[in-house]
2 protein chains.
Amino acid sequence: MEETKSVTDGRHLRSLHTRHKLLEAAKEVFREEGFHKATISQIIKRAKTGYGTAYVHFTGKDDLLIVLMEDVMTAFYSIAELPFTPASRAEAEELILYQTTAFLRMAESERKMLQVFGEAIGVSASASQKWAEIRERFINRIAQDIAYSQQNGLARTGLDPELVARGWFYSHEMYLWEIVRGEHQAQLDEIAKTLAAIYTGGLYS
Amino acid sequence: MEETKSVTDGRHLRSLHTRHKLLEAAKEVFREEGFHKATISQIIKRAKTGYGTAYVHFTGKDDLLIVLMEDVMTAFYSIAELPFTPASRAEAEELILYQTTAFLRMAESERKMLQVFGEAIGVSASASQKWAEIRERFINRIAQDIAYSQQNGLARTGLDPELVARGWFYSHEMYLWEIVRGEHQAQLDEIAKTLAAIYTGGLYS
């Protein structure tokens, strides 16, 4: 079977387009129905594609959700994974306050999809597994930043960076779920200031 | 209808005894089967009581679980609600390290029932509501202790005690669930030391 390059390129593009349509449709249906009530049929219908085509791309609604989780969390990672090479304690404290503020504000702006994720984590083993991976990625990155600060004489030593990172991330994670439930809307910046004050006060002095 | 006092006392005692038998049976069945798989029939059979009698005491397995949650959490509250009137920063730090250590150790010793609660929180609205109440009780008490320390010139001021307490409790809550899943067993005291070091370092200096 002979194909010109433009034909295969065309197929590839159509395939990407179908994938994108399915993800957008899934996002809409999940937002409207929640995770549990949403069906793969609704999503396929909304995407105006066929069952056979849809199952080439995704094995079911859990699979679609996990890709959507990754998309949203990529924006969160971009905050956690900002370059962190402070030259002073003051700079470290400023960076940390910025990261915490941005994290909580993003929880607020992504509320609707995070609500769907929260629901899915409770009922889908694969979504729950995905969330555990997301958490560990955050904790690993925070632990690296702590180790950097310890090695450069900015943060107190004698504490395991991973255990510190874990406790620190947990405060963010739990506040995130409360924000997703519609709490604390008027207090985001004050929460960030409070968390950062205790943490940097304890770690950087 | 005339009854002598000893007859009503006897009934009251039998009633208490039945209630106790049902709770003990529920504890056993939940530990063996988990929350979702456990049935009220299994519990009634194990308690060697009748359906009618059982339903005088509890409306169903959710109701039994909530009483068991309260029982276990009473032991945790006794840690959180220790008298907290430190005369110095050093004393405050010592009390806090003690409380955190005791909390994590109790998570370890109550692992099996907490595992049942964790499962129930995911599937039962009343269990989830109960857990939210438990969390708020902890946070309120911690906030009181922080306010005490601020008023007595031991802790830094300018931070909302409730927001500080919330972030602090969240670290404990998330570590609790990890301990319940069998993680961190060898590290409990190190985790307590780490959490307390950051927290007291940030709040008490």
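Derivation of every value follows stated rules applied to the coordinates shown; laboratory data play no part. Predicted model, so just to flag it, every value in this text is computed and none were measured. Cβ: placed from backbone, ideal geometry, glycine included. Neighbour counts: every protein chain shown.
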* How well do other chains shield peptide B:156-163, expressed as the mean number of their Cβ atoms within 10 Å of each residue Cβ? -> 4
* Give me A:Asp160, A:Asp145, B:Asp9 ranked fewest to most by other Cβ atoms within 10 Å of their Cβ, as a rough exposure proxy. => B:Asp9, A:Asp160, A:Asp145
* Asked: Mind listing the phi-derived Karplus ³J(HN,Hα) values for segment B:141-157, rounded to whole Hz, using 6.51, -1.76 and 1.60 with θ = phi - 60°, and x for any glycine or proline?
  -> 5, 5, 4, 4, 5, 5, 4, 4, 5, 5, 5, 9, x, 9, 10, 5, 9
* Sorted from fewest to most neighbouring beta carbons within 10 Å, what does the list B:Trp168, B:Trp177 look like? -> B:Trp177, B:Trp168
* Taking 0.36 nm per intervening residue step and subtracting the Cα-Cα distance, what contour gain separates B:Ser41 from B:Tyr98 on full extension? -> 16.3 nm
* Asked: Quick one: Cα centre-to-centre distance for segment B:40-109 and segment B:130-205, in angstrom?
  -> 18
* Asked: For B:187-194, what's the mean count of beta carbons from other chains sitting within 10 Å of each residue's beta carbon?
  -> 3
* Can you sort B:Arg105, B:Arg19 by how many other beta carbons sit within 10 Å, fewest first? -> B:Arg105, B:Arg19
* Cα-only radius of gyration and Dmax that characterise the protein assembly as shown, units Å -> 25.7, 101
* Below 28 Å Cα-Cα, how many Lys pairs turn up in segment A:1-106? Only count pairs eight or more apart in sequence, or on different chains, if you could. => 15
* Mind ordering A:86-93, A:43-50 by average Cβ neighbours within 10 Å, highest first? -> A:43-50, A:86-93
* Sticking to Cα atoms, compute the Rg of segment A:26-103 to one decimal and its Dmax as the biggest Cα-Cα distance, whole number, in Å. => 19.1, 58
